[in-house]
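See structure below.
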Amino acid sequence: MTLTAEDRATLARLAALMVPGGAGMPSAARISLQGAPLDRVLAHAPQLSGPLGRFCAAARDVADMAGLDAAAQADRDGFEALAVAVGNAYFMAPQVRHAIGYPGQEARDASVGLTAGDQALLTPVWQRGRLWRAP
Amino acid sequence: MTDRTEVAIVGSGPSGAVAALELVSAGIGVTVLEQGDWVPAEAFDGARPEWELTQLKQWHPNPNIRGRPEDYPIDTAASDVNPLMFAGVGGAALIYGAHWMRFMPSDFRVRSLDGVAEDWPFGYDDLAPFYAYVEEAMGVSGEDGNPAYPDGAPTPLPALPIGRVGRRAAAGMNRLGWHWWPGSNAIPSRPWRRLQPCVLRGTCGTGCSDGAKATPDRTHWPDALARGARLLTGARVVRIETDAQGRASGVIWVDRQGARHRLAADVVILCANGVGTPRLLLASGLANRSGLVGRRLMMHPFATVAGRFDDDLESWVGPAGQILTSCEFYETDASRGFLRGAKWNCMPAGGPQGFRAGYGNGPLTDAWGPAFHARTRASFGRSFEWGIIGEDLPDPDNRVRLADDLTDSDGLPAPRIAYRVSDNTRRMLDFHVARAREAMQAAGAVEIAETRLIRDCGWHLMGTAVMGADPETSVTDEYGRCHDVPNLHVMDGSTFPTSSGMNPTATIMAVAARSVLNLIDTRAGLEVA
Ligand SMILES: Cc1cc2nc3c(=O)[nH]c(=O)nc-3n(C[C@H](O)[C@H](O)[C@H](O)COP(=O)(O)OP(=O)(O)OC[C@H]3O[C@@H](n4cnc5c(N)ncnc54)[C@H](O)[C@@H]3O)c2cc1C
Ligand code: SF4
């Protein structure tokens with residue numbers, strides 16, 4: 001099932017309620033979440049489009065958080081799909097990742113191992129001695 | 001036309017890989033049947049931004065959610081816990097956390113020490129050389145000298161970094177005077193044989209896109225294939241065949257196009273895990289004189305306590321993998337109101353979505369709307385969890401049967417699970433959750449959330465073809481040889497008499513190595529079909 005233009009317009013309004021701007025963070029509207037970011041989500045999670053379309057169709061008149069809450073109570077799975085789509089579309093956006101200081105699951109050097117400070121933390125553990133129970 | 005092999009192995013996960021490599025190295029012909037396919041490292045999403053999205057479906061550990069034809073569905077309507085697994089070359093290890101724990105000495109002597117369940121036919125000291133052997137193959141990283149083990153549980157490679165999360169958690173444990181130790185993981189901290197060094201991407205649970213995590217497709221299969229093993233993928237075994245004397249004579253399998261084949265074999269080894277193995281034994285009507293095939297399923301009920309902190313812990317950094325472990329409350333203390341115990345593992349919180357999943361139970365307005373950014377800033381990168389693996393004692397009513405109204409993509413009956421978490425386990429988890437809250441408080445958490453029993457936690461599948469000396473009360477002998485069918489063997493976690501409170505793969509592989517070496521040693525006297 002593909003989302004209609006009307007579904008996307010509804011989703012844009014719902015996303016704006018869910019993710020307003022502020023605190024140095026872009027709003028959902030600012031990143032046009034209902035466009036390319038949503039397409040990216042649906043390309044990897046096509047299973048969301050059915051419940052998402054259903055939820056948007058039922059939530060056309062929702063105008064505030066109280067209305068969204070009521071729609072969510074009426075269709076938990078639909079709201080879950082909306083939350084997953086909005087959350088992932090938002091947090092995959094490069095400008096959002098930059099704003100929260102998240103480099104993504106980046107590669108780092110693991111060979112540094114335990115530091116001298118870590119070894120010092122361990123000292124009391126081995127000083128307390130044996131823990132295992134003799135069989 | 002009937003194909004022929006000396007040994008047919010069902011399943012290419014860690015246990016099947018150990019069995020195949022040893023057999024073929026001893027010059028014995030092996031054919032392995034695996035219902036899944038090879039999964040190349042590039043297929044995993046760990047290094048891509050979509051990682052958190054695809055773990056909800058494509059890389060979800062529950063086969064019912066993935067819904068792929070190569071997995072089989074599982075009827076879990078009568079189960080408190082969903083069994084989790086993955087069909088592919090390497091088995092569930094492709095998506096395992098690689099937490100590497102030996103069982104404790106007491107785990108092999110539960111009846112003698114605590115008067116419940118059964119002792120194992122062998123002990124920690126018997127298994128120790130086999131642990132060391134498989135740990136070499138798996139490139140296990142850890143810190144030697146862990147006082148929770150008699151020999152300190154040495155590992156071939158030094159520990160992975162514990163990072164800010166580990167330091168924070170460790171400081172809390174030290175404040176309480178409780179045991180912790182840097183995590184041991186089947187993840188190399190240095191280049192190791194065919195494994196790349198870990199780059200701490202922290203996506204181990206959805207597959208390692210960097211070729212670091214030790215999985216049998218890298219650690220075992222290249223050598224086994226080079227030495228002549230034959231591995232058939234997309235090959236689902238339907239049943240084990242027997243001859244007129246009741247000995248296993250081979251297997252019937254079905255390919256992805258639905259065509260049936262017969263593979264004749266002198267010996268059949270089941271390595272299909274604690275659900276797949278009893279499923280096949282039940283479908284074949286074999287080895288069940290004791291009535292215990294499929295019974296005593298143990299899955300390790302799991303609880304978590306997550307803490308949020310004021311400072312930046314970079315809690316998306318891996319491994320995931322266990323950063324720390326604790327065995328402080330592992331052993332039985334009857335004054336706590338339950339028997340046996342649990343092991344803890346400290347885990348990072350993952351990306352921004354993983355974190356939200358952990359705290360997503362509150363009202364909508366707490367998570368979205370004006371609160372959304374404040375919540376993200378206060379929480380993201382600032383949290384970790386203590387996971388609690390509770391020892392699950394065997395109960396004959398916790399069992400795998402064949403479903404009469406659910407089939408896999410080949411029309412074969414799916415497994416149906418009946419499984420209830422016992423009162424002992426519930427009391428155990430309550431106690432441990434309370435202690436883990438204290439550990440979080442001692443570490444300085446400003447907010448603590450707990451989940452007492454996660455439904456999607458059946459990572460560890462054990463007990464459904466129990467080993468023992470008496471054919472009336474066990475399915476196999478101590479080497480996994482079926483009492484009723486002497487050339488049919490079980491070499492996965494199905495044979496475990498008890499489950500311990502430890503992640504089981506180290507023990508599954510060590511026991512498989514012990515069993516297959518015995519099979520090789522005794523094969524001259526083997527009865528074959
Ligand atoms: C998400 C997740 C996380 C985990 N994390 C950890 C961890 O951190 N530490 C740990 O110790 N353990 C962990 N485990 C458990 C670990 O993966 C298993 O203990 C281990 O894989 C068991 O190995 P096995 O070879 O016995 O079975 P499996 O790995 O399950 O392999 C069995 C294979 O048999 C195949 N098969 C089954 N039936 C048939 C059939 N009829 N015909 C053909 N093929 C068949 C399956 O496709 C599969 O590939 C985890 C498991 C999961 C799912
Ligand atoms: S943390 Fe290491 S083992 Fe885990 S996925 Fe990343 S690179 Fe692979």
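Computed from the coordinates by the stated procedures, all read-outs in this text should not be read as laboratory data. Keep in mind that what you see is a predicted model, and the values were worked out from it rather than measured. Methodologically, a virtual Cβ is constructed for each residue, glycine included, from the backbone with ideal geometry; neighbour enumeration extends over all protein chains shown.
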*Tell me, what is the FRET efficiency for residue B:176 and residue B:111 to the nearest 0.05, using R0 = 35 angstrom and their Cβ-Cβ distance as r?*
0.65
*Taking amide H positions as placed 1.01 Å from N in the peptide plane, with prolines and chain starts having none, which residues 5 or more places from residue B:330, or on another chain, fall under 5 Å of its amide H?*
B:342
*So for the pair residue B:455, residue A:120, with labels modelled 7 Å out along Cα→Cβ, what separation do we get in nm?*
4.8
*Full extension from residue B:521 to residue B:397: what is 0.36 nm times the residue separation minus their Cα-Cα distance, to one decimal in nm?*
41.0 nm
*Axial C-alpha extent at least 15 Å, average Kyte-Doolittle at least 1.0 - helices from chain B (DSSP)*: B:14-25, B:505-521
*Would you order B:515, B:335 from fewest to most other beta-carbon atoms within 10 Å of each residue's own beta-carbon?*
B:335, B:515
_Between 0 and 90°, nearest 10: helix A:65-74 axis offset from chain A longest Cα axis_ = 90
*Averaged over peptide A:91-104, how many Cβ atoms belonging to another chain are found within 10 Å of each residue's Cβ?*
4
_Using a 10 Å cut-off around each Cβ of peptide A:112-121, what is the average number of partner chain Cβ atoms that fall inside?_
5
*Measure out, as a whole number of angstrom, how far apart the alpha-carbon centroids of the range B:84-161 and the range A:1-45 sit.*
47
*Quick one: B:215, B:507, A:4, fewest Cβ neighbours within 10 Å first, how do they rank?*
A:4, B:507, B:215
_Net dipole in debye of the range A:5-103 [+1 Lys, Arg Cβ; -1 Asp, Glu Cβ; about Cα centre; nearest 20]_ = 320
*Please find the FRET efficiency linking residue B:289 to residue B:43, where r is the Cβ-Cβ separation and R0 is fixed at 56 Å, and quote it to the nearest 0.05.*
0.85
*FRET efficiency, 1/(1 + (r/R0)^6) with R0 30 Å, evaluated for residue B:262 and residue B:472 via beta carbons*: 0.40
_Local electrostatic count at residue B:121 - Lys and Arg +1, Asp and Glu -1, tallied over other residues with Cβ under 15 Å_ = -4
*Cβ-based net charge around residue B:36, under 10 Å, with every Lys or Arg adding one and every Asp or Glu removing one*: -2
*Normalised by the residues of chain B, what does the relative contact order come to in percent, with Cα pairs under 8 Å and at least six apart?*
24
*Nearest 20 debye, what's the magnitude of the dipole of the protein assembly as shown about its Cα centre given +1 on Lys and Arg Cβ and -1 on Asp and Glu Cβ?*
900
*Number of partner chain Cβ atoms within 10 Å, mean per residue of B:372-381*: 5
*When Lys and Arg each count +1 and Asp and Glu each count -1, what net charge do the other residues less than 14 Å away from residue B:333, Cβ to Cβ, add up to?*
+1
_Sorted peptide list for B:125-138, B:17-30, criterion being average Cβ within 10 angstrom, highest first_ = B:17-30, B:125-138
*Other-chain or far-sequence residues with amide H under 5 Å of residue B:9's (modelled H)*: B:31, B:32, B:33, B:269
*Can you pull the percent of Cα pairs in chain B with separation above 40 Å?*
18
*asked:* From the phi angles alone, apply the Karplus equation (6.51, -1.76, 1.60; θ = phi - 60°) to the range B:106-111 and give each ³J(HN,Hα) in whole Hz, x where the residue is Gly or Pro.
replied: 5, 5, 8, 9, 5, 5
*State to the nearest 20 debye the size of the charge dipole of the range B:379-529 about its Cα centre, where the only charges are +1 on K and R beta carbons and -1 on D and E beta carbons.*
500
*Spin-label model distance (nm) - residue B:3 vs residue B:336, 7 Å beyond Cα toward Cβ*: 4.9
*asked:* If you wrap a convex hull around the alpha carbons of the range A:5-103, what volume per residue comes out, as a whole number of Å³?
replied: 92
